[in-house]
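Rule-based calculations on the coordinates, nothing more; no lab input. It should be emphasised that the depicted structure is a prediction, and the values quoted were computed from it without experimental measurement. A quick note on method: Cβ atoms are made from the backbone with ideal geometry, for glycine too, and the neighbour counts reach across all protein chains shown.
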Amino acid sequence: MKVAILDSRKEAADAVANKIKDNGGQAIGVACDVLNKDSVIEAEKIVSETFGDYNILINGAGGNHLDGTTAKEILEIADLENKDENVVTFFDLETKGFEFVFNLNFIGTVIPADGGFMAYSGV
């Protein structure tokens, strides 16, 4: 199987692609911002020009943001009653951080399916 690794950081995509190639596989690293339709279309173009037609898209974009992360996995009432500046609860999250996480993890899977890879792969 020929594999294209897409990442917002080209060097990260290349690192994974190089591991695949080091183990006898065929792979390329491609820079792609899954929140930018033009970037997705450009990435799809690179993949198609390099490998031709493709049949599988594993759409696993995701990530987090420091301003969108709570300090504890489980909220306890004490966290709200006894405010500790080191304990960030869901209610303390910055809108920009929460928005980034939502956009990357949800919208970042829709754009490649709608605006790039699915639209051009014949799927």
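Details
- For a straight C-alpha distance cut-off of 17 angstrom, the lysines reachable from residue 2 (same-chain residues fewer than eight places away being disregarded) are 19, 21, 45.
- If you take all other residues with their beta carbon under 15 Å from the beta carbon of residue 59, and give Lys and Arg +1 and Asp and Glu -1, the sum is -3.
- Tensor-based shape of the range 1-69 (alpha-carbon gyration tensor, a/c under 1.5 rounded, otherwise prolate or oblate): oblate
- For residue 103, net neighbour charge (Lys/Arg +1, Asp/Glu -1) across residues whose Cβ lies under 15 Å away: -3
- Neighbour-count ranking [beta-carbon atoms within 10 angstrom, fewest first] of 90, 51: 90, 51
- Remark: spin-label model distance residue 80-residue 23 equals 4.6 nm, labels positioned 7 Å along the Cα→Cβ axis.
- Loop-resident GluC sites (Glu not before Pro) (DSSP state other than H, G, I, E or B) in the range 30-113 with no more than 15 further Cβ atoms inside 10 Å of their Cβ: 73, 76, 85, 94.
- Structure-derived Cα Rg over 2.2 N^0.38 Å: which label, when the choices are (i) 0.96; (ii) 1.36; (iii) 1.29: (ii)
- Those trypsin sites (Lys or Arg not before Pro) in the range 59-118 that DSSP places in a loop and that have at most 12 other beta carbons within 10 Å: 72, 83
- Span from the the range 99-115 Cα centroid across to the the range 5-79 one, whole angstrom: 12 Å
- When the helices of the chain are scored as -39500 (n - 2.57) per DSSP H run of n ≥ 4 and the total is divided over every residue, the value at 222 nm lands at -12500 deg cm²/dmol.
- The calculated FRET efficiency for residue 89 paired with residue 45, based on their beta-carbon distance and R0 = 35 Å, is about 0.20.
- For the chain: relative contact order, % (alpha-carbon pairs under 8 angstrom, 6 or more apart): 26 percent
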